[in-house]
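Shown next, in C-alpha cells, is the structure this report addresses.
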C-alpha cells in the first residue's frame with residue numbers, strides 16, 4: 001500500500017477556470033480574509049487584556065468600544081473566508097480533503113467553536129453592563145474559542161502539505177482524531193499569525209483614536225498611544241516569531257527565502273523592509289498623533305501582509321511540487337458562472353471601498369490626511 005493509495009486523483013471534471021486566474025483569486029480573497037481575521041482576533045485579545053488589566057477607566061472604555069466592533073469583524077472573517085476556502089478546495093482538493101478526513105472531528109468542531117465565540121462576543125457587545133467578572137470571563141473564553149479554531153486550521157493546512165505522513169497517521173488512528181503535532185512549523189506558524197493579528201488590531205485602536213480625537217481629545221490621544229504601543233511591540237515580536245517560523249522549516253524550504261528562489265527571497269525582503277518601515281513611521285505617529293504618518297504606516301503593513309501571503313504560496317507549492325503539477329491539470333472553463341462571480345466580487349469590493357471612504361472621510365482628517 002503506497003502513497004498513491006492515500007492521494008486521491010485530481011477531479012476528472014477539471015478546473016472551472018485557468019489555473020493562474022484561480023490562484024490569483026485565492027491570493028486576493030485570502031488576503032482580505034486575513035485582514036478581517038486579524039482585526040477580529042487581535043481586537044478580541046486586546047479587549048480581553050484591557051478588561052483583565054483595567055488599570056484606568058480608559059482601558060475599560062477601550063474594551064467596550066472594541067467589544068462593539070468584534071462581532072462585525074467576526075462576521076466579515078467568516079463571510080470573506082468562504083471564498084479562499086473554496087478556491088483551496090478547487091486547486092488542492094485531493095490534499096485538503098485527505099488531511100481534513102484525517103482530523104475530521106477537530107475540523108467539525110470548528111463550527112461549534114465559532115458559534116460559541118459568536119455568542120460570547122455578541123453577549124458582550126449587547127450587554128447593558130460595561131464591567132464585571134461575567135463579561136471578563138466571557139471575553140477570555142471567546143478568545144480561547146477563536147484560538148482553538150486557529151490551532152485547528154494551522155494543523156490542517158500544514159498536514160495537507162505532507163502526503164507522506166498520511167498513511168502512517170491513518171493506520172495509527174483511522175478515527176479522525178489526528179493532529180499534525182509532529183510538524184515543527186505548526187506552533188511557530190500559529191504564534192506568528194496570532195502576533196500579526198495583535199499588531200493589526202493595534203492599528204484598529206489607533207484609527208479609533210483618530211476618530212475620537214476631535215470629540216474627546218484625551219481619550220483619543222490615549223487610544224492612539226495605546227494602540228501604537230500594541231502595534232509596535234507586536235510588530236517587533238513578528239520579526240522574532242518570523243525567524244522562528246523560518247528556521248522551523250526544512251533546510252531546502254528555508255533556503256527558498258534566503259537566496260535559492262528569487263520570488264521567495266524578494267517577497268521576504270519586501271515584507272521585512274515594509275514591516276521595519278511601518279515601525280519607524282509609527283514611532284513618530286505615536287508621539288505626534290499625525291494622521292498622515294498613521295496612514296503611511298498602515299499602507300506599509302498592508303504591503304507586508306501581501307508579501308507574506310505570497311511567501312505562504314511559495315512555501316505551499318514547494319511542498320506540493322512532488323505531487324502536483326498545475327500545468328497538468330485539466331481545464332473545463334465555466335465562463336458563465338465565473339463571470340457572475342467576478343462581476344459580483346468586483347461590485348462588492350467597490351461597495352466596500354465606497355462605504356469605508358464615506359465612513360472615515362469626516363473622521364480621519366488630520367494634518368491634511370484621510
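Evaluate the range 164-173: report whether one residue or more is under 26 Å from residue 303 (Cβ atoms), surrounded by fewer than 21 Cβ atoms within 10 Å (Cβ to Cβ) and at pLDDT below 95.
There is no residue in the range 164-173 that is under 26 Å from residue 303 (Cβ atoms), surrounded by fewer than 21 Cβ atoms within 10 Å (Cβ to Cβ) and at pLDDT below 95.
Residue 144 versus (1) free of Cβ contacts under 8 Å to residues at least 40 places away in the same chain; (2) within 30 Å of residue 254 (Cβ to Cβ); (3) surrounded by fewer than 22 Cβ atoms within 10 Å (Cβ to Cβ); (4) under 23 Å from the mean Cα position of the chain (by Cα): which is the lone unmet condition?
With respect to (1) free of Cβ contacts under 8 Å to residues at least 40 places away in the same chain; (2) within 30 Å of residue 254 (Cβ to Cβ); (3) surrounded by fewer than 22 Cβ atoms within 10 Å (Cβ to Cβ); (4) under 23 Å from the mean Cα position of the chain (by Cα), residue 144 is out only on (2).
Return yes or no: is residue 323 under 20 Å from the mean Cα position of the chain (by Cα) and either on the phi > 0 side of the Ramachandran plot or surrounded by 14 or more Cβ atoms within 10 Å (Cβ to Cβ) (or both)?
So residue 323 does not fit the description; no.
For residue 259, state whether it is exposed (fewer than 15 other Cβ atoms within 10 Å of the Cβ) and either closer than 25 Å to residue 186 by Cβ or not assigned by TED's automatic domain parsing to the domain that holds residue 90 (or both).
For residue 259, the condition - exposed (fewer than 15 other Cβ atoms within 10 Å of the Cβ) and either closer than 25 Å to residue 186 by Cβ or not assigned by TED's automatic domain parsing to the domain that holds residue 90 (or both) - is met.
Take the conditions assigned to a helix (DSSP H, G or I), touching a strand residue (DSSP E or B) at 6+ places or on another chain (Cβ under 7 Å) and either at pLDDT 95 or above or over 30 Å from residue 230 (Cα atoms) (or both) and apply them to residue 41. Does it pass?
no
Restricting to the range 259-276, and then to whatever is touching a residue at least 12 places away in the same chain (Cβ under 8 Å) and more than 21 Å from the chain's Cα centre (by Cα), can you tell me which residue is farthest from residue 39 (Cα to Cα)?
Here the answer is 261.
Suppose we filter the range 16-32 for residues that are over 17 Å from residue 344 (Cβ atoms), modelled with pLDDT under 95 and touching a helix residue (DSSP H, G or I) at 6+ places or on another chain (Cβ under 6 Å); how many remain?
The number of residues fulfilling the criteria is 1.
Would you confirm, using the coordinates I've provided, whether residue 240 is buried (at least 19 other Cβ atoms within 10 Å of the Cβ), free of Cβ contacts under 8 Å to residues at least 24 places away in the same chain, closer than 30 Å to residue 222 by Cβ and out of contact with any strand residue (DSSP E or B) (no Cβ under 6 Å at 6 or more places or on another chain)?
In short, no.
Rundown of residues vs (1) surrounded by fewer than 22 Cβ atoms within 10 Å (Cβ to Cβ); (2) touching a helix residue (DSSP H, G or I) at 6+ places or on another chain (Cβ under 8 Å); (3) under 23 Å from residue 27 (Cα atoms); (4) not assigned by TED's automatic domain parsing to the domain that holds residue 150, yes/no style:
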| residue | (1), (2), (3), (4) |
| --- | --- |
| 193 | yes, yes, yes, yes |
| 197 | no, yes, yes, yes |
| 211 | yes, yes, no, yes |
| 214 | yes, yes, no, yes |
| 220 | yes, yes, no, yes |
| 249 | yes, yes, yes, yes |
| 267 | no, yes, yes, yes |
| 278 | no, yes, yes, yes |
| 292 | yes, no, no, yes |
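Which pairs have Cβ atoms under 6 Å, sit 6 or more apart or on different chains, and link a residue in the range 311-338 that is within 25 Å of residue 166 (Cβ to Cβ) to one that is at pLDDT 95 or above and assigned to a loop (DSSP other than H, G, I, E, B)?
Pairs that qualify, where the first residue is within 25 Å of residue 166 (Cβ to Cβ) and the partner is at pLDDT 95 or above and assigned to a loop (DSSP other than H, G, I, E, B), are 319/161.
Quick test for you: out of 75, 44, 104, pick the one residue that is in the same structural domain as residue 25 (by TED's automatic domain parsing) and touching a helix residue (DSSP H, G or I) at 6+ places or on another chain (Cβ under 8 Å).
44
The values are calculated or read from the model by the stated rules, or taken from the named source; none is laboratory data. Everything numeric here is computed off the predicted structure, so don't read it as measured data. Because the Cβ atoms are built from the backbone with ideal geometry, glycine has one as well, and the counts that use them run over all protein chains shown.
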